[in-house]
Every structure is written in C-alpha cells, then in structure tokens.
Amino acid sequence: MSERRPLKMDLVKLDEELYCTSCGRRVTYERGVVVFSCPNCGETIIVRCNMCRKHSNEYICPNCGFRGP
Amino acid sequence: MNIPMVEDSELLVPKQKYLSAGIHVGSKIRTKDMSRFIYRVRSDGLSMLNIKKTDEKIRVAAKFLARFPPKSILAVSARIYGFKPVRKFAEYTRSMSITGRILPGTLTNPQAPLYLEPEVVLVSDPRVDKQIHDEAVKIGLPVVALVDADNTLEYIDLAIPTNNKGRRALAFIFWLLTREVLRVRGDLPPDGELPEGYDAFATRIVGIK
Ligand SMILES: [Zn+2]
Ligand SMILES: [Zn+2]
C-alpha cells in the first residue's frame, strides 16, 4: 500500500501560510481544516478553517466566483 | 409550480426526468443551511428543492471529482437504497465504495480490518454516513455530499441538493453524477450516454408487491 499523502500536501507547500478563504483568518493544520482546489474551475486553492466549515460559512472562489459549499 | 422556470436545454437532462425521479421532493423538516436550495414549500409541507441548483451542483461535483485519480475517490452509503447506486457509481468511475456499516478506523487507523486512503469522500447523506464523514474531517479530506432539506452543511465542502432518501431519487442522482464524471474525464463523449439507464442503478425490491 502506498504511503499516505494527504491532498493538502500536494496542494500547498509546508512552509506556506494558509488563510481561510471565507473569513481570512490564518489557519494551521488543526483538525477540521481542509484545503482543496476550487470545485468549479480547479484554478485556485480553497482553504476552509474549522470554524467556517462547522458553521457552513460560504466560500467564494476568487478566480471564477463559484460559491460553495 | 414546484420547480423554477427553466428550459430543458439549460439542464443536463430534461426537467421531466428530474421530476419523475423525485429529485426535487425534499423532506418536511428544513434546516437553515438548506434554505438556499429550497424553491418553495408545498401545501403538504414537503420542501421543493430547486433543481436548477441540483443541476448546477452535479456539474461542479463532476468536475471536482474528475480531477482526482479514480481510485482515490471513496463513495459511501449506509442507506439501503444507496447501496446499488453507490456500487454502480464506483464500478463505472473506478472509484472505491463502501455500502452498509463502516467499521471505525477505516480512514484513520492503518491497523483497521479495512483501511482505505481516499483523497476525497462522497457521502449519500451526511447524517446516515456520519462515521465516515467524521473520519474524513479528522484527516482533512474534502467532503462532497448529497443533501436533503433536513441536512446541515456542517463540514461539507460541496453540497448537491437532492432527495437523498428515495429509491429512484438515489438511483437517478448517482446515475447522473456517474455520467457527468465520465464525460468530464473524456471516458464518454460530451453528449455520450451510459450503456444503462438509471433503473439499472436502483435497488431492486424483492418480495414486496
Ligand atoms: Zn474561516
Ligand atoms: Zn473557481
């Protein structure tokens, strides 16, 4: 079985600072954080902090304007 | 009208197909999160989901899922009517699937009897599929979910509003998502059809008249 490589490792460098796409707060790799490419255009990286995800706060892609979730 | 004004040409399938599968028929219980996807409330209290939004989200979900290696997608349903649709989806898209009860640790414990390493999770109902949803959140995986009027959008990264309880509805929505994923990947031409209709995705009922 291949070694586990969480998606976020592929998307962001370890020394990169992450900011929540919804609230703008800086996030660390705590539980509940997720990083994925924009579901619609795939061109930008969406970061959602634990609180925004918990409260299902909207995120907007800065490239294509897609509104999630 | 139970659905918004929309031309068939704007949708992935003619609206009558959505309607006959009951995609728009949401639950009577409604959460605040889901109000954005509800078109109106019928006099019997059922929530009419906005199929324009369902259609739009199927397109986006297909694009999103198609960017992942097929084998890194995990589709899950703990609901009986979701078993066959999820298995069919996985078969056509070459994804992983789990139907039925999920053993704790499936995503989090390498020593678990069935340990899987997906990069994205697709659940048929976040409430029914809570075990896998919780584990996906714990390890930082994006979550795509079919959501009905009674779901919350808590820890869901991409929501597809749909009746997620009915036998025909689950068959249809997974059939449509399957077709779109294959079209986006180029496994089917842009207007290509699956070799089977959505009836083939439906759980068969045996022994009940
Ligand atoms: Zn946030
Ligand atoms: Zn985008």
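Any read-out appearing in this document is the output of simple, stated calculations on the displayed coordinates, not a laboratory observation. Here the structure is a predicted model, which is why all the values come from computation and not from measurement. Note: ideal-geometry Cβ built from the backbone for every residue, glycine included; neighbour counts use all protein chains shown.
For B:Ala75, what residues show an amide H to amide H distance below 5 Å, using hydrogens built from the backbone and excluding near sequence neighbours?
Those qualifying (amide H under 5 Å, at least 5 residues apart or on another chain) are B:Met96, B:Ser97, B:Ile98, B:Leu122.
B:Glu154 to B:Lys71: extension gain in nm, 0.36 nm per residue of separation minus the Cα-Cα distance?
So the extension gain works out to 27.3 nm.
I want the local charge near B:Leu46. Using Cβ-Cβ distances under 15 Å, sum +1 for each Lys or Arg and -1 for each Asp or Glu among the other residues.
+2
How much of the pair distance distribution for the protein assembly as shown lies past 28 Å, counting alpha-carbon pairs only, in percent?
32
Among B:Pro126, B:Pro110, B:Pro161, determine the one that fluctuates most according to a GNM of chain B built with springs between C-alpha atoms less than 10 Å apart.
In the Gaussian network model the winner is B:Pro110.
What does the charge add up to near B:Pro14, with Lys and Arg as +1, Asp and Glu as -1, over the other residues with Cβ less than 15 Å from its Cβ?
-2
Among rounded, prolate and oblate, which fits region A:28-67 when a ≥ b ≥ c are the square roots of the eigenvalues of its C-alpha gyration tensor, a/c under 1.5 means rounded, and a/b larger than b/c means prolate?
The shape class here is oblate.
Could you list which residues have their amide H under 5 Å from that of B:Tyr39, counting only those 5 or more apart in sequence or on another chain, with H placed in the peptide plane?
Those qualifying (amide H under 5 Å, at least 5 residues apart or on another chain) are B:Met48, B:Leu49, B:Asn50.
Per residue of B:154-167, count partner chain C-beta atoms within 10 Å of its C-beta, then hand back the mean as an integer.
Taking all residues of B:154-167 together, the mean is 3.
When only Cα pairs under 8 Å and 6 or more residues apart are kept, what is the percent relative contact order across chain B?
24
Grab the beta carbon distance between A:Met51 and B:Thr108, set R0 = 25 Å, and tell me the FRET efficiency rounded to 0.05.
Between A:Met51 and B:Thr108 the formula returns 0.70.
With +1 on the Cβ of every Lys and Arg and -1 on the Cβ of every Asp and Glu, and nothing else charged, how large is the dipole of chain B about its Cα centre, in debye rounded to the nearest 20?
500
Could you tell me the center-to-center distance, by alpha carbons, between region B:62-135 and region A:13-42 in angstrom?
A separation of 23 Å, based on Cα centres.
Testing the spin-label approximation: label points 7 Å from Cα along Cα→Cβ at B:Lys28 and B:Arg204. State their distance in nm.
3.4
Taking K and R as +1 and D and E as -1, what net charge do the other residues with C-beta under 12 Å from the C-beta of B:Thr93 add up to?
Residues close to B:Thr93 contribute a combined charge of +4.
By its C-alpha gyration tensor, with a ≥ b ≥ c as the square roots of the eigenvalues, how is region B:12-186 shaped: rounded for a/c under 1.5, else prolate for a/b larger than b/c, else oblate?
prolate
Given H placed 1.01 Å from N in the peptide plane, which residues other than close sequence neighbours of A:Tyr59 have an amide H under 5 Å from its amide H?
Those lying under 5 Å, H to H, from A:Tyr59 are A:Gly68.
Taking the Cα atoms only, what angle lies between the long axis of helix B:80-93 and the longest principal axis of chain B, rounded to 10 degrees?
Roughly 70 degrees, rounded to the nearest 10.
Kindly provide the helix-only [θ] at 222 nm of the protein assembly as shown, computed as the sum of -39,500 (n - 2.57) over DSSP H runs of four or more divided by all residues, to the nearest 500 deg cm²/dmol?
-8000 deg cm²/dmol
For labels at A:Asn63 and B:Arg36 in the simple 7 Å Cα→Cβ model, what's the distance in nm?
Result for the modelled spin labels: 2.0 nm.
Order by neighbour count: B:Tyr39, B:Tyr115, B:Tyr198, fewest other Cβ atoms within 10 Å first, most last.
Lowest count first: B:Tyr115, B:Tyr39, B:Tyr198.
Considering every residue in B:1-8, what mean count of other chain Cβ atoms within 10 Å of its Cβ is obtained?
Going residue by residue through B:1-8 and averaging, the value is 0.
Which residue, B:Pro104, B:Gly82, B:Ser27, has the largest displacement toward the positive end of the dipole of the protein assembly as shown when charges sit on each Cβ (Lys, Arg +1; Asp, Glu -1)?
B:Ser27
Restricting to Cα pairs below 8 Å that are 6+ residues apart, what does the relative contact order work out to for region B:20-82? Please round to a whole percent.
It rounds to 26 percent for region B:20-82.
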